[in-house]
Each structure stands twice: as C-alpha cells, then as structure tokens.
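Contents: one structure, followed by commentary.
Each reported figure results from applying straightforward, stated rules to the coordinates on display, with no laboratory input. Owing to the predicted nature of the structure, the values given are computational and were not obtained by experimental measurement. Neighbour counts run over all protein chains shown; Cβ positions are idealised from the backbone, glycine included.
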Amino acid sequence: MAVEQTTQNAPARIIHKTDVVVIGAGQAGLAAAYWLQRLGLPAGTGFVVLDANPGPGGAWQHRWPTLTLSTVNGVHDLPGLAFADIVDPGQTEAKAAEAVPQYFGTYEEKFDLPVLRPVRVKVVCPRGERFRVETDGPSFSARGIVNATGTWENPNIPDIPGADSFRGQTLHSRDYRGPEEFAGKRVAIIGAGISAVQHLTEISKVAETLWITRRPPVFRDSDFTPDAGRAAVAMVEDRVRQGLVPGSVVSVTGIPWTPALREVEARGVLNPRSMFDRITETGLLWADGTHEAVDVILWATGFRSALDHLAPLNLREQNGGIIMAGRLATQVAKEPRVHLAGYGPSASTVGANRAGRAVASELLATLGIMQSPAADRSPAAQG
C-alpha cells in the first residue's frame with residue numbers, strides 16, 4: 001500500500017498497489033480471476049477484483065424475474081466448479097436472477113477470490129509503467145488491467161427522430177420486470193434477438209403487441225452444435241482483430257425454436273414488421289405514412305460494451321472499434337497490458353470461460369511475472 005499526498009492542505013490519499021486489477025465480477029471476471037490465482041498470482045498484492053454490484057452474480061442479478069433457467073440462453077460452467085454442483089439443473093423454473101448469483105457467490109467463496117464490492121470504477125488513467133484506477137471508494141495502482149465490465153450498464157437505444165415527443169412509456173430490456181404492468185395496453189417490442197422474442201412471448205398473453213425488427217429475424221430449427229458455435233465466435237473474432245465494432249452473435253447463431261415460441265407462432269403474433277422512421281406523440285410512423293398508436297415502446301435492442309472508464313487510455317480507433325490481439329483476441333493491440341474479457345468473441349458465457357485462461361497467462365507473460373508450472377496439472381484446473 002502506498003500513500004500519496006494530493007495537495008499541501010488536503011489529507012493523504014491511500015493508494016492500494018497490486019499487479020493486476022480485474023474490473024467486474026461476472027462470468028468473464030471470475031474466470032480470469034480464477035486463472036490468475038491458479039497461475040500463481042497472490043490475492044491482494046497480486047490481484048484484486050472490483051465489482052460495482054452489491055452482491056455476487058454480475059448482470060444476472062438484475063435480470064427480469066420471469067427469466068428462468070428454462071428460458072435463458074445457457075449458463076456455462078466456470079472453470080473448476082460445475083453449475084450443476086451448486087444448482088439443481090432439474091429446477092428449470094428457478095429464477096435466473098437467483099440461481100446464477102448463488103452459483104457465482106459459492107464460486108467466489110470456494111476459491112477465496114479477492115472480490116471487493118460495491119466498488120465502482122470511475123476512470124483508469126495511464127501512469128507510466130502502471131495504471132491509476134480511480135473508484136467511488138479507494139484508489140488502486142496496477143501494472144495490468146483485465147476489464148470485464150460486460151455490457152449491462154450500457155443499453156443500446158437507437159436515436160430515432162421524434163423520440164422525445166412520445167407521451168407513452170419507453171423502456172429497455174434492462175428495465176423490464178415482467179408482463180403484468182402492460183396488461184391491456186398496446187406494446188411495440190423492437191429487436192430481432194432472443195430477448196425480444198422472450199418479451200413477445202410473455203407480453204402477448206396480456207396485451208396487444210407489435211413486433212418490429214431492423215433486419216429479418218433468423219430462426220434455428222436444428223440444435224446449436226459446437227461447430228456452429230465456433231463459427232459464430234470466429235466471425236466476431238475476425239471483426240475485432242480488424243478493429244471493427246463487434247457484431248451481434250445472434251445474427252449468426254439464430255433464435256432457437258422452443259415450445260413456447262411455437263405457441264406464440266400459433267397465436268399469430270410472431271409476425272415481424274419493418275423498422276419505422278419516426279416516433280410521434282402517440283406512436284410510430286413509417287415512411288409510407290402508416291401510423292400505429294402504441295402505449296409502450298420496449299427496446300430489446302441489445303447493449304454496447306461498457307468501456308467509458310477506459311477512455312483516457314485511447315484504445316479506440318476512429319470507427320469506434322478496438323484492434324484486438326492475443327490468442328483469443330482479448331489483448332488490446334495498442335496496450336498489451338490491458339485485456340478486455342467479455343468483449344467481442346468472449347462476450348458470451350462460454351466465450352468468457354474459454355478466454356479466462358488466455359487472459360491470465362498472456363497478461364502475466366506481458367508483465368514478466370513467472371507463472372506456476374503446477375497449475376496445468378491440477379484437477380480443478382481442468383474445468
């Protein structure tokens with residue numbers, strides 16, 4: 001720990017020194033933390049994990065109550081501990097917002113990971129051979145950064161003319177709490193991904209719905225094979241290695257047909273309409289003059305990476321993307337001491353797990369920190 005004098009009359013500010021700061025304790029952050037520890041980095045002096053949330057679970061703890069283990073798009077095992085060992089996979093109707101935080105909390109305790117919460121990172125600044133990490137609490141000085149903040153804090157809502165004039169209710173999937181509040185209303189659901197169809201499935205039972213998409217939705221009849229998963233990840237990886245903004249994985253993987261979705265189709269509400277051009281005081285206006293009155297606009301339009309706190313590092317290209325390098329495209333090419341876990345190809349839960357080991361080993365190699373040769377031989381390391 002170091003003490004820094006800020007001004008002549010101001011009290012000294014305590015700066016916590018460590019080798020690596022992991023920002024975020026979701027799937028990607030925990031996977032990276034596990035491997036940092038397995039490869040020999042001690043908790044505290046070697047690395048810390050800063051989490052803005054009040055408890056374990058990452059973004060999962062904020063998901064809408066009606067999202068259950070039967071409707072989520074997969075909860076993949078973290079390295080060293082299977083989800084099924086903590087949560088009975090037969091409890092398909094268990095709330096994801098409760099089951100996944102239970103798993104993550106047990107994981108943190110089992111491996112004694114140094115997670116500090118609630119600590120929200122405000123900004124990361126370069127300081128020569130180190131980085132200064134300013135939070136809403138203590139400050140940290142680190143040699144390397146693993147950013148695993150995901151996307152939940154940065155919902156994507158398109159800028160549509162007239163949006164400010166709408167007199168009805170506007171919300172994003174991030175704020176969705178269930179269909180009950182929309183009973184008897186006319187609801188426009190916008191988006192072509194899994195969240196959009198989940199909202200449509202629920203809300204259409206209690207309200208009149210319009211489903212609107214920018215592009216035609218892609219449905220998948222067959223099982224999502226490992227080969228298909230690898231192909232989807234490879235396409236996103238190719239984009240970020242070129243410095244392009246990551247694309248949507250669901251556009252490659254497609255939306256799986258489920259019994260619930262077939263039931264929605266049978267009710268005749270699974271009919272997507274093209275994107276409107278303007279929002280009016282009372283609804284939506286298309287270029288051909290068609291107007292639809294609605295009470296609610298629900299944006300199921302995804303999220304963008306939450307990276308504003310890294311702005312002083314100047315990682316982005318002019319197009320808004322970041323050129324990524326490393327074995328699994330987690331290392332920032334401009335600044336190899338920074339890894340983005342949960343960005344691009346590692347944004348999915350399975351991708352985040354796979355990237356954890358690469359993040360840890362590549363960052364320690366960049367920093368010149370010797371890695372434990374015994375880590376690979378541990379049974380727990382095979383998870």
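Ala287 to Asp88: extension gain in nm, 0.36 nm per residue of separation minus the Cα-Cα distance?
Roughly 66.6 nm would be gained on extension.
Of the cross-linked pairs Lys122/Lys185; Lys110/Lys334; Lys95/Lys185; Lys122/Lys334, which ones have a Cα-Cα span greater than 32 Å in the structure shown?
Where the Cα-Cα span goes over 32 Å, the pairs concerned are Lys122/Lys185; Lys110/Lys334.
In a GNM of the chain with a 10 Å cut-off on Cα contacts, which of Ser139, Ser165, Ser204 has the highest mean-square fluctuation?
Ser165
Need the full-extension length gain, Val123 to Ala325, defined as separation in residues times 0.36 nm minus the C-alpha distance. One decimal, nm.
70.4 nm
Helix-only estimate, please: 222 nm mean residue ellipticity of the chain, summing -39500 (n - 2.57) across DSSP H runs of length 4 or more and dividing by its residues, to the nearest 500.
The helix-only estimate for the chain comes to -7000 deg cm²/dmol at 222 nm.
Roughly what would the spin-label model give for Ala183 and Arg304, points 7 Å off Cα along C-beta, in nm?
Roughly 3.8 nm, to one decimal.
Quick one: dipole size for the chain, taken about the Cα centre, charges +1 on Lys/Arg Cβ and -1 on Asp/Glu Cβ, in debye to the nearest 20.
Computed charge dipole of the chain: roughly 860 debye.
Using Cα springs under 10 Å in a Gaussian network model of the chain, which residue among Thr151, Thr209, Thr258 shows the largest mean-square fluctuation?
Thr258
Looking only at the chain, where both bridge partners belong to it, what percent of the DSSP beta bridges are antiparallel (to the nearest 5)?
40 percent
Would you please name the trypsin sites (Lys or Arg not before Pro) within the stretch 246-315 that are DSSP coil residues with at most 16 other C-beta atoms within 10 Å of their C-beta?
Sites meeting the loop and neighbour criteria: Arg267, Arg304.
Considering the dipole of the chain built from charges on the beta carbon (Lys and Arg +1, Asp and Glu -1) around the Cα centre, which of Thr366, Leu328, Phe140 is farthest to its positive end?
Thr366
Determine the relative contact order of the chain: mean sequence separation of Cα pairs under 8 Å and six or more apart, normalised by residue count, in whole percent.
Over the chain, the number comes to 23 percent.
Hey, in the GNM for the chain with a 10 angstrom Cα cutoff, which one of Ala25, Ala358, Ala163 fluctuates hardest?
Residue with maximal mean-square fluctuation among Ala25, Ala358, Ala163: Ala163.
State which stretch of the chain is the longest one without any exposed chymotrypsin sites (Phe, Trp or Tyr not before Pro), exposure meaning a DSSP loop state and at most 15 other Cβ atoms within 10 Å.
It works out to 1-223.
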